[in-house]
Amino acid sequence: MELDEVLRRRRMVRHFSDEAVSAEDLDALVAAALRAPSAGFTQGFRLLVLTDPADRERLWEATDWSPPDPQRDRMAAEMRAAPAVIVPLCSEAAYRERYAEPDKAWIPDEDIWAVPYWYVDAGFAAMLVLLKAVDLGLGAVFIGQTPRFVPRFREAFGVPDAFEPIGLVLVGHRHPDVGPAYRSERRRPVEEMVHRGRWGGR
Ligand SMILES: Cc1cc2nc3c(=O)[nH]c(=O)nc-3n(C[C@H](O)[C@H](O)[C@H](O)COP(=O)(O)O)c2cc1C
């Protein structure tokens, strides 16, 4: 698929059919993620791939949907049907180690990052999974999690404390009976989003 078409088609998909994601497609999704750029080429992200129903059940048990909300609980129940989950994780320590290496020695002190690169890089990797899913004719959604999820998730899957899940990428085949994802037509105008030359510049 052409890149323009992938970009045009990319929408979060929250309703999935029963069809599994093939091993080949899963390999292609993770291969795409591994092409992500990373600050200092730290490659400080990891991916936990879950397809086994028992593993996915453990994942959903670790999630935190409190307090109950009918609309959100319905969405969560629908998203639970996703046959594959890719969890992007990141490690702050990996970046601190990388930026202490000799080729980064010119950097004056440890206060060097305007924003935490570990989240940026894991986000790039997640984005590539979302785009590759479109390319493969699959549907995917990135969903966030609450802080309470993090220790429960680590415990359930033996994840070291140094790694933080940035969210979940749910992947599957789009349910045929469901229309476009909600909200995606309400994009803000270009003039608000894009500034040319200076802030406020048209
Ligand atoms: C960091 C992040 C967290 C998100 N968390 C959720 C979430 O918890 N649940 C959900 O349904 N969608 C979530 N989304 C998806 C957004 O709602 C979605 O990208 C937005 O509504 C625009 O729609 P589109 O991606 O289909 O164009 C998240 C997206 C991002 C980037």
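No lab work stands behind these numbers, since they all come straight from the coordinates. What you see is a predicted model, and the numbers here were worked out from it, not measured in a lab. As a convention, Cβ positions derive from the backbone with ideal geometry for all residues, glycine included, and neighbour counts pool all protein chains shown.
Worth a mention:
- The shape of region 3-193 can be summarised by an equivalent ellipsoid whose semi-axes, obtained from the alpha carbon gyration tensor, come to 29, 21, 17 Å from longest to shortest.
- Most positive-pole-ward Cα, Val85, Gly200, Val129, against dipole of the chain from beta carbon charges: Gly200
- Rounded to the nearest 20 debye, the dipole size of region 1-79 about its Cα centre is 420 debye, using +1 on the Cβ of Lys and Arg and -1 on the Cβ of Asp and Glu.
- P(r) tail, region 57-154: Cα-Cα pairs separated by more than 18 Å, 62% of all pairs.
- Between region 1-43 and region 47-122, the C-alpha centres lie 16 angstrom from each other.
- Mean Kyte hydropathy of -1.0 or more with a Cα span along the axis of at least 20 Å, helices from DSSP in the chain: 117-135
- Interchain or long-range residues, amide H under 5 Å from Ala84's placed H: Val171
- Debye-sum result for region 117-177 in log10 I(q)/I(0), which assumes one identical scatterer on each alpha carbon, at q = 0.20 Å⁻¹: -0.86
- Taken about its Cα centre, the chain carries a charge dipole of about 840 debye when Lys and Arg each add +1 at the Cβ and Asp and Glu each add -1 at the Cβ.
- Size of charge dipole - region 90-180 - debye, nearest 20, with Cβ of Lys, Arg +1 and Asp, Glu -1, no other charges: 460
- Helical content of the chain, expressed as a calculated mean residue ellipticity at 222 nm, amounts to -11000 deg cm²/dmol (DSSP H runs of 4 or more residues, -39,500 (n - 2.57) each, divided by residue number, nearest 500).
- Positive-end residue of Ala105, Ala20, Ala36, charge dipole of region 3-193 with Cβ unit charges: Ala20
- Exposure rule at most 12 other beta-carbon atoms within 10 Å, DSSP loop chymotrypsin sites (Phe, Trp or Tyr not before Pro): the chain longest free segment: 1-105
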